[in-house]
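The values are calculated or read from the model by the stated rules, or taken from the named source; none is laboratory data. Note that this is a predicted model, so its numbers are computed, not measured. Cβ coordinates were reconstructed from backbone atoms using ideal geometry, including for glycine residues, and neighbour counts include every protein chain displayed. All accessible areas refer to the heavy atoms of the entire protein, side chains included, with ligands and DNA or RNA removed. Shrake-Rupley method; radii C 1.70, N 1.55, O 1.52, S 1.80 Å.
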Amino acid sequence: MLAANFLLLAAVLFCIGVFGVIARRNAVMVLMSIELVLNSVNLNLIAFALMNNDVDGQVFALFVIAIAAAEVGVGLAMVLLIYRNRRSISLDELSELKG
C-alpha cells in the first residue's frame, strides 16, 4: 500500500508538470515544469525499487537527479542569453528565431 501512494503522488506530479509545459509561455516556468516531470519519474523509480526490494531504481534515480541538475544549468544559461538579447523570456517571441 505504501508504494501505491508514491505512485499516485508521482502521477499527480507528472500531470501537473505536463500541464505546465503545455500551458505556460514563460521559459522559467516551463523549466520548472520539466523538473516536476523528472521528480515524478524519480518517485516512480524509487517506488518500484521498494516494491521489488532492489537498489537499481534508487541508483538510477541518482543519475536522473544529476542529469536534471545539468539540465537546469544549461536551461537557465539559455534563458539568460535570450533575455539579454530580447529583453523577454516569453516563448511566443522565440518563434522569430526560426530560420
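If you go through segment 31-60, how many residues are part of a helix (DSSP H, G or I) and over 30 Å from Leu94 (Cα atoms)?
16
With the requirement that a residue be more than 18 Å from Ala3 (Cβ to Cβ), in contact with a Leu (Cβ under 6 Å, 6 or more places away or on another chain) and open to solvent by 70 Å² or more (accessible area, probe 1.4 Å), what does segment 40-99 give you?
None; the set is empty.
Would you say Val28 is surrounded by fewer than 18 Cβ atoms within 10 Å (Cβ to Cβ), among the β-branched types (Val, Ile, Thr), in a helix (DSSP H, G or I) and at pLDDT 90 or above? Before you say what the answer is, go through the steps one by one.
Details: surrounded by fewer than 18 Cβ atoms within 10 Å (Cβ to Cβ): yes; among the β-branched types (Val, Ile, Thr): yes; in a helix (DSSP H, G or I): yes; at pLDDT 90 or above: no.
Considered against the rule, which asks whether it is surrounded by fewer than 18 Cβ atoms within 10 Å (Cβ to Cβ), among the β-branched types (Val, Ile, Thr), in a helix (DSSP H, G or I) and at pLDDT 90 or above, Val28 comes out as no.
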